[in-house]
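The structure appears right after this line, and notes come after that.
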Amino acid sequence: MQAYQASSTTEKSYSLESWQGGYKSLKQEYDYWIEDIEGEIPPDLSGTLFRNGPGLLDINEQQIHHPFDGDGMISKITFTDGRAHFRNRFVQTEAYIKEQKAGKILYRGVFGTQKPGGMLTNIFNFKLKNIANTNVIYWGGKLLALWEGAEPHILDPITLETLGKEYFNNVLSEGEAFSAHPHFDPSCAMDGGNPCMVNFSITPGLSTTIKVFELDLSGKVIRKHAHFVPGFCFIHDFVITENYCVFFQNPVKFNPIPFALGMRGAGECIKFDPNQPTRAIVIPRNPKNQEIKILEMQSGFVFHHANAFEKAGEIVIDSICYANLPEVEPGSDFRQTDFDALSPGQLWRFHLNLEQQTVQGKLLEARSCEFPSLHPELVTRSHRYLYLGAAHSETGNAPLQAFIKVDVETGEKLLWSAAPQGFTGEPIFVPRPNATNEDDGWVLGLVYDSQHHRSDVVILDAKNLTVIAKLHLQHHIPYGLHGNFVNQVFLG
Ligand code: FE
């Protein structure tokens with residue numbers, strides 16, 4: 001593997017204006033075969049890429065305060081016989097339907113979107129939107145749009161029509177949280193080597209309840225346990241190993257008063273506290289062994305983990321860490337983000353020794369990066385390659401404009417950059433059918449092309465991170481969050 005050339009950091013690799021174009025709403029719903037293609041779609045790339053993210057950044061020209069408050073829109077790219085089909089639909093949440101009908105903002109958002117009218121209309125109004133905008137998974141024969149604050153929405157995998165809400169046979173109650181970051185154990189020892197899905201929910205408060213759910217292939221909840229941990233928790237993602245779930249309790253303080261008074265969104269009341277350590281909460285997956293361990297480590301903030309596995313008596317975890325958490329200020333406009341003023345997310349490796357109660361951290365990649373992805377069969381196992389969205393420049397903080405591949409064994413890296421006009425997000429690694437090498441497959445990503453105000457579906461060769469094909473869509477897709485690839489072809 002060749003190392004990439006270090007790039008100059010004296011000139012910006014982007015303009016704020018170009019970046020802002022990717023945060024325009026996409027109001028139209030499309031359904032078409034993609035015809036404008038550079039290169040060729042590999043004929044053995046077969047299946048469906050589902051992606052979720054905020055499709056609307058305004059409600060009838062009333063701007064929302066933060067993209068995380070934007071209504072969930074699913075994009076679906078179906079690959080079959082060397083062709084690709086595109087479709088997008090908004091998740092028809094109760095709030096989406098009501099707000100579109102009313103033509104105005106009716107709900108408060110977690111990240112600061114307020115109903116017009118200021119403090120008096122927002123005071124003690126705790127009704128939040130379940131905006132279904134964070135992830136989309138296919139499990140148990142159902143396509144589910146996930147948002148961490150409430151129950152999933154069920155969608156038709158062919159039409160993307162919203163069919164209702166999922167309670168997993170009454171395991172969840174109405175409005176109960178179900179995180180947007182499930183992890184898929186490809187071979188669960190407790191289930192005779194069958195795959196299972198592991199997810200969690202957080203009920204925050206002065207002390208926090210963490211619930212763990214494990215679901216079999218049919219979508220049935222087969223294990224469920226709840227734990228109480230001291231302090232407020234802001235936890236977006238977790239990791240699983242063969243025997244454990246690990247949660248990083250970020251060092252934050254929550255002051256609910258401005259939220260209750262209608263002055264701030266709940267997400268704006270979270271303050272990072274660098275004087276507190278981060279705590280790794282280690283919960284056994286086996287419900288018969290429920291002794292949890294809490295290990296203190298260096299202060300930092302984590303949204304996303306890449307993977308974890310057990311090795312030589314330790315738990316090894318790769319995560320994206322920030323030196324601190326940027327606060328969402330009430331009067332601020334996210335479109336004017338000063339990237340230079342924020343700390344970059346960086347890839348770290350942590351070794352947790354449960355016997356000695358110690359955590360050791362090591363920086364793997366200093367370049368600003370996010371949205372880690374890996375071979376799906378290596379979740380809970382030792383991996384060699386990670387794929388991430390990354391900044392174009394090697395140092396500093398900037399929007400994601402590139403994809404990188406990191407070889408965690410040798411430290412070598414490869415970069416594919418869409419700068420200066422292109423902006424990236426989460427890459428998804430798709431193994432080639434019958435491949436034997438870990439990096440034999442494709443990296444799929446959506447790239448916003450600000451020059452043409454449209455998005456491309458980019459297919460990279462995962463081995464050398466070069467472009468195989470660029471599929472030009474007829475429109476843009478606002479910067480999204482998470483998605484998944486499944487081998488099924490859903491075309492009606
Ligand atoms: Fe996430």
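The values are calculated or read from the model by the stated rules, or taken from the named source; none is laboratory data. All values reported here derive from a predicted model rather than from experimental measurement. As a convention, Cβ positions derive from the backbone with ideal geometry for all residues, glycine included, and neighbour counts pool all protein chains shown. Ligands, DNA and RNA are excluded from the accessible area calculation, which covers all protein heavy atoms including side chains. Shrake-Rupley method; radii C 1.70, N 1.55, O 1.52, S 1.80 Å.
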Sorted by chain and number, the residues with a modelled amide H under 5 Å from that of residue 306, at a separation of 5 or more or across chains, are 318, 319, 320
Whole-number D in µm²/s for the chain (Stokes-Einstein; Kirkwood sum over Cα pairs; 10 °C, 1.306 mPa s): 69 µm²/s
With label points set 7 Å from each Cα along the Cα-to-Cβ direction at residue 290 and residue 222, the distance between them in nm comes to 2.0 nm
Rounded to the nearest whole Å², what accessible area per residue is found for region 50-384 with the 1.4 Å probe? 40 Å²
³J(HN,Hα), Karplus 6.51/-1.76/1.60, whole Hz, each residue of region 151-167, x for Gly, Pro: 5, x, 9, 8, 10, 6, x, 8, 8, 6, 5, 7, 9, x, 10, 9, 10
Region 346-442: chymotrypsin sites (Phe, Trp or Tyr not before Pro) falling in loop per DSSP and having at most 11 other Cβ within 10 Å: none
A 1.4 Å probe over the protein heavy atoms gives the chain a carbon and sulfur accessible-area percentage of 49 percent
Scattering profile of region 155-223 from the Debye formula, Cα beads only, expressed as log10 I(q)/I(0) at q = 0.28 Å⁻¹, is -1.26
Counting only C-alpha contacts under 8 Å and six or more residues apart, can you give the relative contact order of the chain as a whole percent? 16 percent
Just to check, using Stokes-Einstein with a Kirkwood Rh over alpha carbon pairs, what's the diffusion coefficient of region 342-474 at 37 °C and 0.692 mPa s in µm²/s? 210 µm²/s
Express in whole angstrom the spacing between the alpha-carbon centres of region 68-113 and region 16-41. 15 Å
Tell me, what HN-Hα J-couplings in whole Hz come from the Karplus equation 6.51 cos²θ - 1.76 cosθ + 1.60 at θ = phi - 60° for each residue of region 382-396, using x for Gly and Pro? 5, 10, 9, 10, 10, 10, 9, x, 8, 6, 5, 7, 6, 10, x
Quick check on packing: order 26-37, 361-372 by the mean number of other C-beta atoms within 10 Å, highest mean leading. 361-372, 26-37
Give the Debye-formula value of log10 I(q)/I(0) at each listed q (0.17, 0.31, 0.32, 0.33 Å⁻¹), with one equal scatterer per alpha carbon of region 130-174, two decimals each. -0.42, -1.26, -1.31, -1.34
Compute the distance in nm between two label points, each set 7 Å from the Cα along the Cα-to-Cβ direction, one at residue 29 and one at residue 60. 1.9 nm
Between residue 81 and residue 488, what length comes free when the chain is fully extended (0.36 nm per residue of separation minus the Cα-Cα distance, one decimal in nm)? 145.2 nm
Distance (nanometres) between label positions extended 7 Å along Cα→Cβ at residue 187 and residue 335: 5.1 nm
Sorted by chain and number, the residues with a modelled amide H under 5 Å from that of residue 92, at a separation of 5 or more or across chains, are 162
³J(HN,Hα) computed for each position of region 77-94 - Karplus, 6.51 cos²θ - 1.76 cosθ + 1.60, integer Hz, glycine/proline x: 10, 9, 9, 7, 6, x, 10, 9, 10, 10, 8, 9, 8, 6, 5, 7, 6, 4
With n ≥ 4 as the cut-off for DSSP H runs, can you work out [θ] at 222 nm for the chain, using -39500 (n - 2.57) per run divided by the number of residues, rounded to the nearest 500? -1000 deg cm²/dmol
1/(1 + (r/R0)^6) with r = Cβ-Cβ of residue 435 and residue 106, R0 = 51 Å, i.e. FRET efficiency to nearest 0.05, evaluates to 0.55
